[in-house]
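Some notes on the structure that comes next.
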Amino acid sequence: MFAQNVGGIDKVLRILLGLGLLAAGYLTPLGWWGLVGLVPLVTGLVGTCPLYTILGLRTCPRLGG
């Protein structure tokens with residue numbers, strides 16, 4: 001569907017940040033704001049960031065040239 005534009009280290013950092021924000025929302029008074037963690041978590045798992053697409057950025061290597 002969308003071309004992948006999120007590479008290795010970026011994916012790992014996004015997943016960790018997302019999980020951290022979700023945990024903080026559950027364990028602290030941050031509450032519902034912790035759901036913001038879904039954004040980096042999903043973009044890390046899927047490998048596509050809509051903002052990167054808009055800005056023409058990519059952190060993953062191009063395959064095939």
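Computed from the coordinates by the stated procedures, all read-outs in this text should not be read as laboratory data. None of the values given here were measured: they were computed from a predicted structure. Don't worry about glycine lacking a Cβ; one is built from the backbone with ideal geometry, like all the others, and counts go over all protein chains shown.
Work the Kirkwood hydrodynamic radius out for the chain: mean of 1/r over every pair of different alpha-carbon atoms, inverted, in Å.
Its Kirkwood hydrodynamic radius stands at 12.4 Å.
Return the calculated 222 nm mean residue ellipticity for the chain, to the nearest 500 deg cm²/dmol, obtained by summing -39500 (n - 2.57) across DSSP H runs with n ≥ 4 and dividing by the residue count.
-16500 deg cm²/dmol
Summing Lys, Arg as +1 and Asp, Glu as -1, what charge do residues with Cβ under 15 Å from the Cβ of Asn5 carry, Asn5 excluded?
Its environment carries a net charge of +3.
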